[in-house]
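Since the structure comes first, as structure tokens, the remarks are kept for the end.
Just so it is clear, none of the values below were taken in a lab; they were calculated from the coordinates. If you're wondering where the values come from, they're calculated on a predicted model, not measured in any experiment. Note that each Cβ is placed from the backbone with ideal geometry, even for glycine, and that neighbours are counted across all protein chains shown.
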Amino acid sequence: MRAFKNMLVTGGAGFIGSNFVRYTYCQKKFEGRVINLDKLTYAGNPLNLTDIEKEFGTKSYYFERADICDSSRMRAVFKKYEIDTVVHFAAESHVDRSIFGPEDFINTNIIGTFNLLEAARELWNDRDDVLFHHVSTDEVYGSLGKTGYFFETTPYDPTSPYSASKASSDHLVKAYQHTYNIPCTISNCSNNYGPYQFPEKLIPLMILNMVEGKQLPVYGDGKNTRDWLFVEDHCSAVWRIMEEGKSGGTYNVGGENEWQNITLVERLCEMVAKIQGKDSDSYKRLITFVKDRPGHDRRYAINCDKVKRELGWRQEVGFERGIEITVRWYLDHPEWIESVRSGNYRKWIEKNYGKR
């Protein structure tokens, strides 16, 4: 079992990254140092971790505002904190944004990953007590038909600028492990949901539109299917892979929880209505079908037998419990929602970290 001392978490102010940092301290009681490195783009919010910073900021938690595309800064961070572990979440991740503006995805997801790997190669110098864990997506595999699953051996077939950029970064990590013998692991996960997710994503968008009486836009016929994974279950899988995963190994992490988009939205209507004591039909009437996005993959579904069989990981949060936790969190945190939607948190960032 690997031991970590100085852990660099890239993208640690984002949705999955901030949940992972919290999991590291609150669930795993990590006693080493966590260095949260985030550029603080629109989806990065250090307010996600004010509780962690308050409790651990003078002991073991450090925040570095930096861009992974800045190669000299990456080397400096590695040296400053004597990094021995990288958990690489930082990425541009919204498919719609990649369709209309792919350049940021190429730079961050490919060049940024390359810079981190180069810093590791230069400063780790053939050490075997280090680890580079790369967090990726099931979208690199392309699209499935009505049946079948993505396995770790499924050929890559990315279909959007986002998934193509993530596929490229996966291949870079594998190449550096093979060529330079850098201890690396990769996880490819399905769609995450849970607290602190930026409101442009499907589940929080629908919840908040319901509360505000806005339309609930559903692409195409609504029958595109996704496998949904509760974010804390994803964090526990990443930790297990980091501790015990085979160097060079790839592990699929899924919720084994498929939903057609339209069925999921209808279930969200029922959950929000139940919590608020309202009629779910009042929300379902807001559902509006809109023009499908270009190249919209029809179905994703992950087979995660490998991580279960080899590492003993299991999902712990069923969908009904997970979606209720998620809905209640968004309903109970209007100040966070307002801060994110209004952009007011950017003022806090500028005050504490300056403008970029």
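Given the rule -39500 (n - 2.57) for each run of at least 4 DSSP H residues, summed and divided by the residues of the chain, what is its mean residue ellipticity at 222 nm, to the nearest 500 deg cm²/dmol?
Taking each H run of at least 4 residues, the total per residue is -13000 deg cm²/dmol.
Kindly provide the trypsin sites (Lys or Arg not before Pro) of the range 224-270 that DSSP labels as loop, not H, G, I, E or B, and whose Cβ sees at most 11 other Cβ atoms within 10 Å.
Numbers: sites: Arg226, Arg240, Lys246, Arg267; in loops: Lys246.
When the trypsin sites (Lys or Arg not before Pro) of the range 224-270 are filtered for loop state and at most 11 Cβ neighbours within 10 Å, nothing remains.
Rounded, prolate or oblate: which one fits the range 246-356, using the alpha carbon gyration tensor with axes a ≥ b ≥ c (rounded when a/c is under 1.5, else prolate when a/b beats b/c, else oblate)?
Working: a/c = 1.68, a/b = 1.15, b/c = 1.47.
It is oblate, given that a/c is not under 1.5 and a/b is not larger than b/c.
Go through Ile325, Thr50, Leu144 and say which Cα lies farthest out towards the positive end of the charge dipole of the chain; charges sit on Cβ, +1 for Lys and Arg, -1 for Asp and Glu.
Thr50
Answer with one residue from Gly245, Gln260, Leu229: the one whose Cα lies farthest towards the positive end of the charge dipole of the range 204-261, charges on Cβ with Lys, Arg +1 and Asp, Glu -1.
Looking along the dipole axis, the top candidate is Gln260.
Hey, got the dipole for the range 104-184? About the Cα centre, +1 on K and R Cβ, -1 on D and E Cβ, debye to the nearest 20?
With only Lys, Arg, Asp and Glu charged at Cβ, the dipole is about 180 debye.
Which GluC sites (Glu not before Pro) does the range 25-55 hold that lie in a coil by DSSP with at most 14 other beta carbons within 10 Å?
Numbers: sites: Glu31, Glu53, Glu55; in loops: Glu31.
The qualifying sites are Glu31.
Please identify, among Leu208, Leu131, Leu37, the residue showing maximal mean-square fluctuation in a Gaussian network model of the chain using a 10 angstrom Cα cutoff.
Leu208
In debye to the nearest 20, how big a dipole does the range 168-310 give about its Cα centre with +1 on each Lys and Arg Cβ and -1 on each Asp and Glu Cβ?
240
Rank these for me by crowding, Glu310, Glu316, going from fewest to most other beta carbons within 10 Å.
In order of increasing Cβ crowding within 10 Å: Glu316, Glu310.
What are the lysines whose alpha-carbon lies under 22 Å from the alpha-carbon of Lys214, with same-chain residues fewer than 8 places away excluded?
Lys201, Lys223, Lys274, Lys278, Lys284, Lys291
Please check: in the Gaussian network model of the chain (C-alpha springs, under 10 Å), which one of Thr326, Thr113, Thr58 has the largest mean-square fluctuation.
Per the Cα network of the chain with a 10 Å cutoff, Thr58 tops the list.
Please work out how much length the chain gains when fully extended from Ala76 to Lys146, using 0.36 nm per residue of separation minus the C-alpha to C-alpha distance, in nm with one decimal.
Result: 20.4 nm gained on full extension.
Taking amide H atoms as placed 1.01 Å from N in the peptide plane, list the residues 5 or more away in sequence, or in a different chain, whose amide H sits under 5 Å from that of Arg299.
The answer is Leu144, Thr225.
Could you give the Stokes-Einstein D for the range 87-132 in µm² per second, using the C-alpha Kirkwood radius, 10 °C, 1.306 mPa s?
After rounding, the answer is 132 µm²/s.
State whether the range 28-123 is rounded, prolate or oblate according to the following rule on the C-alpha gyration tensor (a ≥ b ≥ c being the square roots of its eigenvalues): a/c under 1.5 gives rounded; otherwise a/b larger than b/c gives prolate, and the remaining case gives oblate.
It is oblate, given that a/c is not under 1.5 and a/b is not larger than b/c.
With charges only on Cβ, +1 for K and R and -1 for D and E, what is the dipole size of the chain about its Cα centre, in debye, rounded to 20?
So the dipole magnitude of the chain works out to roughly 440 debye.
Among Val340, Gly277, Ser169, whose Cα projects farthest towards the positive end of the dipole of the chain, with charges put on the beta-carbon of Lys, Arg (+1) and Asp, Glu (-1)?
Of Val340, Gly277, Ser169, it is Val340.
Mind checking which of Thr250, Thr147, Thr225 has the largest fluctuation in a GNM of the chain, springs on alpha carbons under 10 Å?
With Cα springs under 10 Å in the chain, the top fluctuation among Thr250, Thr147, Thr225 is at Thr147.
Show me the trypsin sites (Lys or Arg not before Pro) within the range 1-74 that DSSP assigns to loop and that have at most 11 other Cβ atoms within 10 Å of their Cβ.
Sparse-neighbourhood loop trypsin sites (Lys or Arg not before Pro): Lys29, Lys59.
Mean separation of Cα pairs under 8 Å and 6+ residues apart, divided by the residue count of the range 182-318: what relative contact order is that in percent?
37
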